[in-house]
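Notes to accompany the following structure.
The values are calculated or read from the model by the stated rules, or taken from the named source; none is laboratory data. Since we're looking at a predicted model, the values are computed, not measured. Note that we place each Cβ from the backbone using ideal geometry, even for glycine, and neighbour counts take in every protein chain shown. We work out accessible area using only protein heavy atoms, side chains counted, and drop any ligands, DNA or RNA first. Shrake-Rupley method; radii C 1.70, N 1.55, O 1.52, S 1.80 Å.
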Amino acid sequence: MSHAPRHLLVTGGAGFIGANFVAHWRTRHPESRIVVLDLLTYAGNRANLDGVPDIHFVRGDILDQPLVEQLLRDHALDGIVHFAAESHVDRSILGPDAFITTNVLGTHALLKAARAVWLSGSGVPHRFHHVSTDEVYGTLGPADPAFTETTPYAPNSPYSASKAASDHLVRAYAHTYGLETTTSNCSNNYGPFQFPEKLIPLFLINALEGRPLPIYGDGMQVRDWLHVADHCEGIARVLEAGRAGECYNIGGGAELPNIRVIDTLCALVDAAFAADPGLAARFPCAPAAAGRPSASLKTHVTDRPGHDRRYAINCDKAMAELGYRPLHDFGRGLAETIAWYLANEGWWRAVQDGSYRAWVDANYANR
Ligand code: NAD
Ligand code: TYD
């Protein structure tokens, strides 16, 4: 029987998925001790955890092995859920070094800390859960079967290569030292608290502010969209019932070309403005404020170098072993996500600081 951890160190818990997971786990396990370790990079925000009771927040680096060991010991934690990472493909293309440092060396520092605390002496029951991505499997042709847990790794971007390296280190620590690990490889997440550099929040905010929607290439790249709440449920099930040493794919069952996602988003924004006349006053630059379609902002720009054409996830294993099912229909989930961003304008304005503006200039200037 694999150990089901209760008291967790959550790395990257102030980021998009991490913050959603911390709230999910707190509701599911009110008695659990939760320590969040987050460096609060541009993507992390302490306020993402404001509504979650009884968490111990530490601003710190996963590369700080003595700190991680101290947190595991002082709080008697029996689980690590490892979200902390550099997570944006475009940033990895413009500046890969941070991805190697955080995703590869950072994951290794955490593994060393876990080994030192949990495997010394007679050992302590424990679980190290590593959150990874479907991008480690590379790209699919239109008729290829979806990725399974045994699909060979073929990462194409510096981001996915750094995640693949970290997955391999987790595997090696399980195989060589007997660390009890699980890994989940998920598809593209969407939902509340996603940093507005990623497709859905970026395009939504641009539509509200009347800026172009920069579609890379022909926009026919396919992603499998996973609502973050379904992802969190999947991770919780891996922690509670997953087998140590195993990997589980977690998908959303919503394989769509980008252009369909963008058209759906534009139609939902138009419908929101039609239903609520107050939005036109709040967002006067939006085409929808003047009754014009948001889709008029669509602009095809130079493609991302090395852009993966299609990802698709087969999550039969998680379904069969863990009873996992994605519950969010994409259209409804996207409408709810748009409603969240409209209700939380202060949040997305606050996270778009000077460094974010500099990033937008660097990434989109010459496309
Ligand atoms: P995110 O970029 O929103 O958040 C990352 C968090 O990690 C931030 O809070 C940041 O401050 C923190 N962090 C970065 N470097 C750190 C360090 N050295 N020490 C401590 N904290 C650090 O990322 P996300 O979208 O929430 O993704 C979480 C995890 O899920 C990542 O491992 C990512 O690779 C994986 N993933 C994400 C997606 C997706 O669609 N977002 C899909 C597949 C896999
Ligand atoms: P993204 O949200 O960056 O996730 P990932 O690259 O990890 O899949 O991008 C999702 C898709 O949207 C991807 O095919 C790239 C595309 N995209 C654009 O067309 N324009 C953009 O400005 C961004 C950020 C992404």
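Quick check: net charge around A154, other residues with Cβ under 14 Å of its Cβ, Lys/Arg +1 and Asp/Glu -1?
Working: positive: K163, R309, R310; negative: D134, E135, D144, D167, D308.
Net charge in that neighbourhood comes out at -2.
Tell me the relative contact order for the stretch 76-137 as a rounded percent, counting alpha carbon contacts under 8 Å between residues six or more apart. Intermediate results must be reported in sequence, preceding the final value.
Numbers: 36 pairs, mean separation 33.3, N = 62.
Relative contact order, the stretch 76-137: 54 percent.
Express the relative contact order of the stretch 158-279 as a whole percentage, based on alpha carbon pairs under 8 Å and six or more residues apart in sequence. List each step's numbers first, then the result.
Numbers: 124 pairs, mean separation 40.0, N = 122.
That works out to 33 percent.
Using the alpha-carbon atoms, what tilt in degrees (0 to 90, nearest 10) does helix 330-343 show relative to the longest principal axis of the chain?
80
Residues with beta-carbon under 13 Å from that of R282, excluding R282: net charge, scoring Lys, Arg +1 and Asp, Glu -1?
Values: positive: R349; negative: E209, D276, E345.
With Lys, Arg at +1 and Asp, Glu at -1, the net is -2.
Leaving out ligands, DNA and RNA, and with a 1.4 Å probe, what % of the accessible surface on the stretch 277-366 is carbon or sulfur? Let's see the in-between values first.
On the way: 2550 of 4580 Å².
On the stretch 277-366, the fraction of accessible area on carbon and sulfur atoms equals 56 percent.
Which length gain, in nm to one decimal place, applies between W340 and S296 when the Cα-Cα distance is subtracted from 0.36 nm times their residue separation?
On the way: separation 44, 0.36 × 44 = 15.84 nm, distance 2.34 nm.
Extending this stretch completely gives an extra 13.5 nm.
Given a 1.4 angstrom probe, I'd like the percentage of the accessible area of the stretch 180-256 that is carbon and sulfur, rounded to a whole number. Mind dumping the intermediate values first?
Numbers: 940 of 1740 Å².
Carbon and sulfur: 54 percent of the exposed surface of the stretch 180-256.
Would the stretch 45-107 count as rounded, prolate or oblate if I go by the C-alpha gyration tensor, calling it rounded below 1.5 in a/c and otherwise prolate when a/b exceeds b/c, oblate otherwise? Show your work: numbers first, answer last.
Values: a/c = 2.84, a/b = 1.49, b/c = 1.90.
The shape class here is oblate.
Output the 0 to 90 degree angle, nearest 10, between the alpha-carbon long axis of helix 199-209 and the longest principal axis computed from the alpha carbons of the chain.
Orientation of helix 199-209: about 40 degrees from the principal axis.
In straight Cα distance, which aspartates and glutamates are under 12 Å from K198, not counting same-chain residues fewer than 8 positions off?
Here the aspartates and glutamates satisfying the reach criterion relative to K198 are D90.
Take the alpha carbon gyration tensor of the stretch 269-367, find the square roots of its eigenvalues, order them as a ≥ b ≥ c, and report rounded if a/c is under 1.5; if not, report prolate when a/b exceeds b/c, else oblate. Working shown, then result.
Working: a/c = 1.91, a/b = 1.30, b/c = 1.48.
Note, shape of the stretch 269-367 comes out oblate.
Per the helix-only calculation at 222 nm, which mean residue ellipticity applies to the chain, given -39500 (n - 2.57) for every DSSP H run of n ≥ 4 and division by its residues, nearest 500 deg cm²/dmol? Mind showing how you got there, number by number?
Numbers: 13 runs with 148 residues, N = 367.
My calculation for the chain gives -12500 deg cm²/dmol from helical runs alone.
I'd like the distance between the alpha-carbon centres of the stretch 219-233 and the stretch 140-179, rounded to an integer number of Å.
Using only Cα atoms to place each centre, the spacing works out to 18 Å.
By the scheme Lys and Arg +1, Asp and Glu -1, what is the net charge of all other residues having a beta-carbon under 14 Å from that of W25?
Values: positive: R6, R26, R28, R33, R127, R237; negative: E31, D54, D78, E233, E240.
Once positives and negatives cancel, what remains is +1.
Under 27 Å Cα to Cα from K317, which lysines show up? Leave out anything in the same chain fewer than 8 places away.
K163
Accessible area per residue for the chain in Å², computed with a 1.4 Å probe and the full protein assembly in place, what is it?
39
What shape does the stretch 1-119 have by the C-alpha gyration tensor, where a ≥ b ≥ c are the square roots of the eigenvalues, rounded means a/c under 1.5, and otherwise prolate means a/b greater than b/c and oblate the rest? Before the final figure, lay out each step's value.
Working: a/c = 1.94, a/b = 1.25, b/c = 1.56.
Judged from the Cα gyration tensor, the stretch 1-119 comes out oblate (a/c at least 1.5, b/c at or above a/b).
Specify the angular offset, from 0 to 90 degrees and rounded to the nearest 10, of the alpha carbon long axis of helix 354-364 from the longest principal axis of the alpha carbons in the chain.
The answer is roughly 70 degrees.
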